[in-house]
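Chemist: Pasting a structure below so you can have a look.
Bear in mind these aren't lab numbers, they're just calculated from the coordinates by the rules spelled out. Note that the structure is a prediction, hence the values are computed from the model and not measured. Cβ placement follows ideal geometry from the backbone for every residue including glycine, while neighbour counts extend to all protein chains displayed.
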């Protein structure tokens with residue numbers, strides 16, 4: 001029994017430490033290798049509707065579920081863990097705070113980058129990515 005208690009305590013401490021890490025501290029400004037296009041936004045939306053809408057709402061405004069303190073994805077001023085592509089990527093991959101779980105094990109990097117493009121597409125126009133030019 002004592003052994004099980006030690007394991008539970010160590011596991012809880014590990015989860016707590018992971019929740020306390022700040023994405024800004026972890027992000028090393030990786031560049032989004034997935035080009036912005038209607039197709040990548042569409043793929044990101046599919047992932048969003050499957051994994052994110054429960055907390056952030058189907059429209060990203062986070063008004064549908066009062067049980068969570070999820071920020072509106074349409075208001076970057078509410079994002080507590082940064083708003084750069086790298087910070088969004090790390091928040092999705094590793095989780096953010098106590099309420100947002102990590103999705104890195106469920107999604108590959110490309111799916112996460114597509115999700116970053118989708119989040120940008122529903123936010124303010126000045127933060128949206130520009131479509132890739134033909135031939136690039």
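Chemist: Checking the structure you have, find out if any residue of region 111-121 is surrounded by 18 or more Cβ atoms within 10 Å (Cβ to Cβ), touching a residue at least 60 places away in the same chain (Cβ under 8 Å) and not in a helix (DSSP H, G or I).
Modeler: Within region 111-121, none of the residues are surrounded by 18 or more Cβ atoms within 10 Å (Cβ to Cβ), touching a residue at least 60 places away in the same chain (Cβ under 8 Å) and not in a helix (DSSP H, G or I).
Chemist: What number of residues within region 36-77 are exposed (fewer than 13 other Cβ atoms within 10 Å of the Cβ) and outside any loop (DSSP other than H, G, I, E, B)?
Modeler: Qualifying residue count, region 36-77: 5.
Chemist: Just need a number here: residues in region 84-106 that are assigned to a loop (DSSP other than H, G, I, E, B) and farther than 15 Å from residue 30 by Cβ.
Modeler: Qualifying residue count for the region: 9.
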